[in-house]
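The next block holds one structure in the form of structure tokens; read it before the comments.
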Amino acid sequence: MVESVKESNSSNISNKNIKPIVEYKKVHKSFGDVEVLKGLDLNIFPGEKVALIGPSGSGKTTIIRMLMTLEQPTSGEIIVDGKNLWHMEKNGKLVPASEKHLREVRGDIGMVFQHFNLFPHMTILQNCMTAPVQVQKEDKESAKKRSIEMLEKVGLGDKLDNYPNQLSGGQKQRVAMARALVMRPKIMLFDEVTSALDPELVGEVLEVIRDIAKEGEMAMVLVTHEMDFALEVADRVIFLDDGVIAEEGKPSEVLEESNNERLQQFLYRFRS
Amino acid sequence: MIIINAMIEVFPVLMKGINITITVFIFSSIFSYIFAFIAGLCRVSNNRLVRGGTSIYVEIFRGTSLIVQLFWLYYAIPMLFDVGIDNRLAAGVLAISLNYGAYMSEIVRGSILAVDKGQTEASIALNLSRSQRMRIVIFPQAFRMMLPEFGNYLIQILKATSLVSLIGMTDILYHGNILRSTNLSAAPTVYLLLLVFYFIMALPLIFLTRKGEQISKRGVAS
């Protein structure tokens, strides 16, 4: 597995000297007796688009939830931009991270959720501008201006004063993306963002992700069941199975040329 | 005719107590809410000591009789510790508020816990601090859920104010009882009018509760 990581790094990132923006080092995660991740080693590079695929329960969502500090790894380290996420140094010893430390390190990470998780008591505009004002201490006018621009970009410039329950699922998810993007993250996490949508609404959401991906500078990690989309947008596809990386590489290699039997089965179920 | 005459006689007597009843009600409501919010927020604290201490308060005041609590505050504690409340209003308000605050803290706690976990997760993803998460995202949503139950408890607090007559406060029940003891035949009229008094005072509260229900239904689901 270590070999395959090295291989994929060199195959995807032309300049080997680029430092990864996220490093998972021997990360284990258990929920009760169930071990979901069994020693994950994974590097993500600045600007890289990574698609995580795999059967349910394979740990793909857990990977990004740990990075967003929504789940704590059972063991192992996650390094974000050179800083240890879940541990901090105190008197020369590594101790569990405090809330303050977590906030410092996760500031460059944004996330979009399967169920949108918009704030129902705020308008669309308030949803977007609250965090820049409260967290980044941006002044209200400029946060408002940027939020409006972002909402226009995702095609919702005419819904600023609407509440989330007045929108369709696809619109809600686009607001959620605008809300995350206004924070200008270096890493964006997408947790099955189209799974809760009616089929006819999936397209509009994928289109926004496609646009974001084209801009390039942000690293993106997508947990997805949209194989064709992964093929199109991702620089690297990672197939997780039973808590380990079972296959990874360029999308075309993984999705079309791999001989991994489990992957074949998994893809077969999706394409049939 | 006799009844109407009796009412004309009873009505002004009861009116003498209305000030006290309303004063006790207003102060008790305010302090009940204050205790409820403080205790409710403590019950969802991360600190085990805070949580544990608060649940002892809640269980003691929920699990014992309000009348006995009132007597403790007004008669027993001053005798035992030589400090205490010789002010009837303060004792009455404190007893009612501590008791109803304990009940209502459970509504505060329950409502906060009932806010979808995804809301906390989204706030973490936006890097809001713990207190910002509570203040900006969780509490405003929880508050809407509290409103209908809060209205119900207001009505109960109003009715509980009648207990202060037992420590000698001259509320409407106190005046009614005095009148009945001097004129036994007036008992039915006195107690009928008392019911009417409480009911009329409860009407705006019932209306408020309805309003609360409407607000809480609106705009919570995402």
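Data table
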quantity: Residue within the range A:128-141 that is surrounded by 15 or more Cβ atoms within 10 Å (Cβ to Cβ), touching a residue at least 12 places away in the same chain (Cβ under 8 Å) and part of a loop (DSSP other than H, G, I, E, B) present; calculated: yes
quantity: All helices (runs of 4 or more DSSP H) inside the range B:116-188 with 3 or more residues being more than 14 Å from chain A (Cβ to nearest Cβ); calculated: B:139-160, B:172-182
quantity: Wholly enclosed strands (runs of 3 or more DSSP E) of the range A:61-103 bearing at least 2 residues within 13 Å of chain B (Cβ to nearest Cβ); calculated: none
quantity: Among residues of the range A:57-77, those that are free of Cβ contacts under 8 Å to residues at least 60 places away in the same chain and over 21 Å from B:SER123 (Cβ atoms), counted; calculated: 6
quantity: Condition check for B:ASN99: surrounded by 16 or more Cβ atoms within 10 Å (Cβ to Cβ) and not in a helix (DSSP H, G or I); calculated: no
quantity: Hits in the range B:64-84 - residues which are outside any helix (DSSP H, G or I) and buried (at least 17 other Cβ atoms within 10 Å of the Cβ); calculated: B:GLY84
quantity: Check on A:MET150, more than 7 Å from chain B (Cβ to nearest Cβ) and in a helix (DSSP H, G or I); calculated: yes
quantity: Meets criteria (within 30 Å of A:LEU189 (Cβ to Cβ) and more than 14 Å from every other protein chain (Cβ to nearest Cβ)) for B:LEU113; calculated: yes
quantity: Filter result for A:VAL112 (under 16 Å from the mean Cα position of the chain (by Cα), in contact (Cβ under 8 Å) with a residue 60 or more places away in the chain, within 27 Å of A:GLU247 (Cβ to Cβ) and within 14 Å of another protein chain (Cβ to nearest Cβ)); calculated: yes
quantity: Number of positions in the range B:46-63 that are surrounded by 13 or more Cβ atoms within 10 Å (Cβ to Cβ) and in a loop (DSSP other than H, G, I, E, B); calculated: 0
quantity: Test: residue in the range B:159-168 that is modelled with pLDDT under 95, surrounded by fewer than 16 Cβ atoms within 10 Å (Cβ to Cβ) and under 30 Å from B:ILE2 (Cβ atoms); calculated: yes
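Rundown of residues vs (1) in contact with a Phe, Trp or Tyr (Cβ under 8 Å, 6 or more places away or on another chain); (2) within 28 Å of A:GLU71 (Cβ to Cβ), yes/no style:
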residue: B:LEU41; (1), (2): no, yes
residue: B:SER45; (1), (2): no, yes
residue: B:GLU59; (1), (2): no, no
residue: B:ARG62; (1), (2): yes, no
residue: B:TYR75; (1), (2): no, no
residue: B:VAL93; (1), (2): yes, no
residue: B:GLY101; (1), (2): yes, no
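The values are calculated or read from the model by the stated rules, or taken from the named source; none is laboratory data. The shown structure was predicted, so the numbers you read here are calculated from the model rather than taken from an experiment. All Cβ positions, glycine included, derive from the backbone under ideal geometry; neighbour counts span all protein chains shown.
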